[in-house]
Ligand SMILES: [Zn+2]
């Protein structure tokens, strides 16, 4: 991966070279966040290089790079922006909602709510919930190796954004509504040892 790149965008799955935009596919391309046509001087700027899948990079984003009236980028910059400020993931449906104009452009340009991603995020929530429970069960028995294996498995899952969204939404005021179908999970997500391992 790109060592100095601060991992931030909504989807970014650390360690397993997944696409930094959709978090689903393997990252096979190096995307120039600012297209070379717009910023030729940034062509070799390390922070302008992001690992992306060919679908997000070549088919969705291409050379699209919305800017505001002053010419400032209206896309979330994974190296400087906190995606949480711009996007909200509905855990129940797997759909991203925009909190800001930058979020709206990100959803549009990367097609973040395409069916395969929405379905994948909705399923990921259930996979993650069982992995968290497995991890907690291993912790209560002090099965350290098993805890490490489960933690590695969580980190290797696609849709790392779902993991972060679960942990972050568990502390929101509306958490009891967000997790109303699974209050035990809501309680588990507040566990400090679990948060220490999985919350970025
Ligand atoms: Zn992608």
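The values are calculated or read from the model by the stated rules, or taken from the named source; none is laboratory data. Every value quoted in this text rests on a predicted model; they were computed, and no experiment measured them. Neighbour counts are summed over all protein chains in view; Cβ atoms, including those assigned to glycine, are modelled from backbone coordinates with ideal geometry.
Regarding residue 121, is this residue touching a helix residue (DSSP H, G or I) at 6+ places or on another chain (Cβ under 6 Å) and under 30 Å from residue 72 (Cβ atoms)? When the stated conditions are applied, residue 121 passes them.
If you check residue 150 against the conditions, is it assigned to a helix (DSSP H, G or I) and within 16 Å of the ligand (Cβ to nearest atom)? So residue 150 does not fit the description; no. Cβ-Cβ contacts under 7 Å between residues 6 or more apart (or on different chains), taken from a first residue in segment 49-60 that is under 19 Å from residue 80 (Cβ atoms) to a second residue that is near the ligand (Cβ under 9 Å from one of its atoms) and assigned to a helix (DSSP H, G or I), are absent.
Only one of the numbered conditions (1) surrounded by 13 or more Cβ atoms within 10 Å (Cβ to Cβ); (2) more than 16 Å from the ligand (Cβ to nearest atom); (3) more than 13 Å from the chain's Cα centre (by Cα) is not met by residue 84, and that is (3).
For segment 169-195, residues that are in a helix (DSSP H, G or I), under 18 Å from the mean Cα position of the chain (by Cα) and either free of Cβ contacts under 8 Å to residues at least 40 places away in the same chain or surrounded by fewer than 18 Cβ atoms within 10 Å (Cβ to Cβ) (or both) total 1. Does residue 65 fit the bill of being farther than 28 Å from residue 126 by Cα, in contact with a strand residue (DSSP E or B) (Cβ under 9 Å, 6 or more places away or on another chain) and at pLDDT 80 or above? Judged against the criteria, residue 65 is a match.
Per-residue answers, yes or no, for (1) over 30 Å from residue 195 (Cβ atoms); (2) at pLDDT below 85; (3) not in a loop (DSSP other than H, G, I, E, B):
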residue: 41; (1), (2), (3): yes, yes, yes
residue: 44; (1), (2), (3): yes, yes, no
residue: 47; (1), (2), (3): no, yes, yes
residue: 59; (1), (2), (3): yes, yes, yes
residue: 76; (1), (2), (3): no, yes, no
residue: 102; (1), (2), (3): no, no, yes
residue: 112; (1), (2), (3): no, no, no
residue: 117; (1), (2), (3): no, no, yes
residue: 125; (1), (2), (3): no, no, yes
